[in-house]
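As structure tokens, the structure follows; a few thoughts come after it.
The values are calculated or read from the model by the stated rules, or taken from the named source; none is laboratory data. Predicted model only: the values in this text are computed from it and were never measured. Here Cβ is always computed from backbone atoms with ideal geometry, including for glycine, and neighbour counts include all displayed protein chains. These area figures cover heavy atoms from the full protein model, side chains too; ligands, DNA and RNA do not enter into them. Shrake-Rupley method; radii C 1.70, N 1.55, O 1.52, S 1.80 Å.
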There are 2 protein chains.
Amino acid sequence: MLRVTAIDPSDEARVRRADRETSARAGDHRALRLWLRLLTCTQLLERHMRNLLRLRFGTTLPRFDLMSRLERYPEGLKMKELSHHLMVTGGNVTGIVDQLVRERLVERLPEPGDRRALRVRLTRAGDEAFGKMARAHEEWIVSVLSGLSRKEHAELFRLLAKVKSHALEITERKDGA
Amino acid sequence: MLRVTAIDPSDEARVRRADRETSARAGDHRALRLWLRLLTCTQLLERHMRNLLRLRFGTTLPRFDLMSRLERYPEGLKMKELSHHLMVTGGNVTGIVDQLVRERLVERLPEPGDRRALRVRLTRAGDEAFGKMARAHEEWIVSVLSGLSRKEHAELFRLLAKVKSHALEITERKDGA
DNA sequence: CTTGAATAGATTAAGCCTAAAGTATTGTAG
DNA sequence: CTACAATACTTTAGGCTTAATCTATTCAAG
């Protein structure tokens, strides 16, 4: 494990369980500590998923997310819709779709009636590949969240919904101004 | 296996408030929905912080995080310790420190007794700049999380602690294997 | 002391992501 | 019809992040 050549004795304990939030000082505001814990949790889980997707399927989380979204729309989605769903910029979607097209997992189709737009959808190969990944992915998620009881799951879900809706209000307010 | 129910009328509403999780199908496992909500919340808050840091201070979240960590250690931290604290790779820390050094906000000092190591710490200018940003940052966080009561804050904090510790167990188990 | 493993950092290649600017198309107002 | 704004997408430049690889130094065993 980690060795610290101990400059200051308290460093040893701090570093042992090192992440962004454990060592927040007592004086820090509780909202700040909550935010740091939220960030740490998400990063931990996200990294776990990224590693598993890379090791087991040789893919990445963004590609998986994009395919996951397309899987729900057999008729495909326009680039614009995709970027909205995934909450990323259009340029980003362009790049990821480019790769998936190269790998023959998705295809770009012309949008009838609007020559500006393109419709993206899974190919048959893409759909099959995604099916395998999705089953494994769900198992991983269930496993990594299995430390909570069903009741705690529900409570956490509820609280995050509140965080989300309040955050949406605030960010939209500022964006609009 | 295209098991997606064809376009149903609720699709329209789904797209209107688009993000990764709102439109999760009823059949999806609750763990999956919880994970997607967690991800959405964090992304929402993180994006908000990134935007504010960029607009108000012309800086980025990673730079802020790094300075935030250094601010707690006036004697500085070794690169290795920094990367552990921030939960990122060493190469990443190298790059961010390079920039902050160029901007005269942090400095690299030789580590007495180990010529491999470097100690990084805030310059006086860095410390002052960070102080201004930190005060604003805390206000933003308090504001964006103000939708929850104090009791809900505590409960969310507790639940996330459980998620975190369970995730640490699992990821460390797999990493060690 | 010498050798070889381990450690601290830096570098590289590749992917993700954004904001801003560019291209082509559509819609609309006169 | 023309001009202009809006829309859909792509491109570009730059920053973040990783895994893998490299260099220099330290440590540990003989």
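Quick look at the values:
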| read-out | value |
| --- | --- |
| Test set (1) facing chain A (nearest Cβ under 8 Å); (2) over 20 Å from B:Arg56 (Cα atoms) - B:Val144 fails condition number | (2) |
| Selection within segment A:51-88 - hydroxyl-bearing (Ser, Thr, Tyr), within 11 Å of chain B (Cβ to nearest Cβ) and near DNA strand C (Cβ under 8 Å from one of its atoms) | A:Ser83 |
| Residue list for segment A:31-63, restricted to those being aromatic (Phe, Trp, Tyr) and open to solvent by 10 Å² or more (accessible area, probe 1.4 Å) | A:Phe57 |
| Within segment A:110-131, considering residues that are within 15 Å of DNA strand C (Cβ to nearest atom), within 27 Å of the chain's Cα centre (by Cα) and open to solvent by 40 Å² or more (accessible area, probe 1.4 Å), the one nearest to the other protein chains (Cβ to nearest Cβ) | A:Arg119 |
| Of residues in segment A:71-87 being more than 11 Å from DNA strand D (Cβ to nearest atom) and under 23 Å from the mean Cα position of the chain (by Cα), the one most open to solvent (accessible area, probe 1.4 Å) | A:Pro74 |
| Search result, residues across segment A:101-112 that are touching a residue at least 24 places away in the same chain (Cβ under 8 Å) and more than 12 Å from DNA strand D (Cβ to nearest atom) | A:Leu105 |
| Segment B:89-109 - residue that is near DNA strand C (Cβ under 8 Å from one of its atoms) and touching a strand residue (DSSP E or B) at 6+ places or on another chain (Cβ under 6 Å) and, of those, least open to solvent (accessible area, probe 1.4 Å) | B:Val97 |
